[in-house]
Amino acid sequence: MRVTVVACLALGVVVSGGGAPVASAVPVFGEYVALGDSWAADASPMRPAVEFAPYGCAQSAGNFARQVAAALAVPVFRDASCGGALSKHMTVPQQSLLGVNPPQFDRLSASTDLVTLEIGGNDAGLAAVVPQCLTVSASASPCLDAVVSGGVDQISLNIAAAEPKVRAVVEGVRERSPRARILLLDYFQGIRLERGCFPEVPISDADADWLGRKMIELNAMLARVAAAANAEFVDTYSTSAGHDGCQPPGVRWVEGLVPFSSTPLGPAVPFHPNQLGADHQARSVLAALGR
């Protein structure tokens, strides 16, 4: 796999073959580092990649960062993303189920001139709360019951508390790589608003709508961080409508509860991007870069 990725980077071939443009002959960037959590790693057990991080980080060989690196023909590329990453794991090691991922900032250097970053979902506790939403009753709302009390929404509080942490990450990147063009990605639509698709995805309409709105709230926070820290915000959400986890195979960009995907065919990580989702992220980043 290492040989394959290096060859693809040298030739400017799209890793996934899924829709990212082919590179121009002359590299625009010399050193690209990808940082982030499982949505940056594009977690997949079917196409694991371990040249940059341990197996437990669940990096996919077709993730958006590899597609971007290949399309740009970047000579030097490092991917530090890891499933479950918090903002603090930029500067401290992260223990995964299978190995330790060094601090993600360790991959940065003074010569790094392109950085993509997708972080904040775990800081906000949004990923952790999703399993609490699962129910056998279409009229139940276990998420709302668990995290909203007396009009106070704990996830909203978490999102607010995560904002300075994410801003510190962006500022930390700039301190270590002052020449870098920094792109901060949001999270695309995993669940639609107003109604879910119970029982296919066993989350009630009330909780599905709440989850969808928390995602919008999280993305708004990331947009504020990008503006305040003078980073470039990559909006993957607004162009993802109609591709949520309730859609049929081949249409959805994120998997639902059933841990099986048609893209690629085989086991999948629930509520995470599939290959089509990774392709969408890659297209969004390349468009932001004017490619």
*asked:* Considering only region 160-175, I want to know if a residue exists there that is touching a strand residue (DSSP E or B) at 6+ places or on another chain (Cβ under 6 Å) and assigned to a loop (DSSP other than H, G, I, E, B).
replied: no
*From the list R252, R283, pick out the single residue that is within 18 Å of the chain's Cα centre (by Cα), basic (K, R) and assigned to a loop (DSSP other than H, G, I, E, B).*
R252
*Residue by residue through region 203-214, note down the ones that are within 22 Å of L157 (Cβ to Cβ) and either among the hydroxyl-bearing types (S, T, Y) or open to solvent by 30 Å² or more (accessible area, probe 1.4 Å) (or both).*
A206, D209, R213
*Residue list for region 103-129, restricted to those being open to solvent by 10 Å² or more (accessible area, probe 1.4 Å), farther than 22 Å from V269 by Cα and of a type outside the set (K, R)*: P103, F105, D106, L108, S109, A110, S111, D113
_When you check R291 against the structure, is it assigned to a loop (DSSP other than H, G, I, E, B) and charged (D, E, K, R), yes or no?_
yes
*State all residues of region 250-266 that are buried (at least 20 other Cβ atoms within 10 Å of the Cβ) and either at pLDDT 90 or above or touching a His at 6+ places or on another chain (Cβ under 7 Å) (or both); if no residue qualifies, say none.*
R252, W253, V254, E255
_Consider region 72-92. How many of its residues are in a helix (DSSP H, G or I) and either under 20 Å from R167 (Cα atoms) or touching a Leu at 6+ places or on another chain (Cβ under 6 Å) (or both)?_
4
*For region 93-116, name all the residues that are part of a loop (DSSP other than H, G, I, E, B) and either within 14 Å of D37 (Cα to Cα) or among the charged types (D, E, K, R) (or both).*
P93, P102, P103, D113
*For region 203-227, enumerate the residues that are aliphatic (A, V, I, L, M), assigned to a helix (DSSP H, G or I) and over 21 Å from the mean Cα position of the chain (by Cα).*
A206
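Scanning region 78-99 for residues that are surrounded by fewer than 23 Cβ atoms within 10 Å (Cβ to Cβ) and among the hydrophobic types (A, V, I, L, M, F, W, C), which turns out farthest from I159 (Cα to Cα)? Lay out the reasoning, then the answer.
Our first condition is that a residue be surrounded by fewer than 23 Cβ atoms within 10 Å (Cβ to Cβ); within region 78-99, this holds for 78, 84, 86-88, 91-93, 95-99.
Imposing the further condition that a residue be among the hydrophobic types (A, V, I, L, M, F, W, C) reduces the set to 86, 92, 97-98.
On the way: L86: 13, V92: 21, L97: 26, L98: 29 Å.
Checking each candidate, the answer is L98.
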_Matching residues, region 232-249, being open to solvent by 20 Å² or more (accessible area, probe 1.4 Å), assigned to a loop (DSSP other than H, G, I, E, B) and under 15 Å from D186 (Cα atoms)_ = D235, Y237, S238, T239, A241
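Regarding V269, is this residue of a type outside the set (S, T, Y), surrounded by fewer than 19 Cβ atoms within 10 Å (Cβ to Cβ) and not in a helix (DSSP H, G or I)?
Taking the combined requirement at face value, the residue does not satisfy it.
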*Select from region 41-58 the residues that are part of a loop (DSSP other than H, G, I, E, B) and either touching a Ser or Thr at 6+ places or on another chain (Cβ under 6 Å) or small (G, A, S) (or both) and list them in ascending order.*
D42, A43, S44, R47, A49, A53, P54, A58
_Residues of region 117-131 satisfying the condition of being outside any strand (DSSP E or B) and in contact (Cβ under 8 Å) with a residue 24 or more places away in the chain_ = I119, G120, G121, N122, D123, A124, G125, L126, A127, V129, V130
*In region 37-57, which residues are surrounded by 19 or more Cβ atoms within 10 Å (Cβ to Cβ), of a type outside the set (F, W, Y) and in contact with a Lys or Arg (Cβ under 8 Å, 6 or more places away or on another chain)?*
A49
*asked:* Against the definition (part of a helix (DSSP H, G or I) and open to solvent by 10 Å² or more (accessible area, probe 1.4 Å)), how does E200 come out, yes or no?
replied: no
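The values are calculated or read from the model by the stated rules, or taken from the named source; none is laboratory data. It should be emphasised that the depicted structure is a prediction, and the values quoted were computed from it without experimental measurement. All Cβ positions, glycine included, derive from the backbone under ideal geometry; neighbour counts span all protein chains shown. Ligands, DNA and RNA are excluded from the accessible area calculation, which covers all protein heavy atoms including side chains. Shrake-Rupley method; radii C 1.70, N 1.55, O 1.52, S 1.80 Å.
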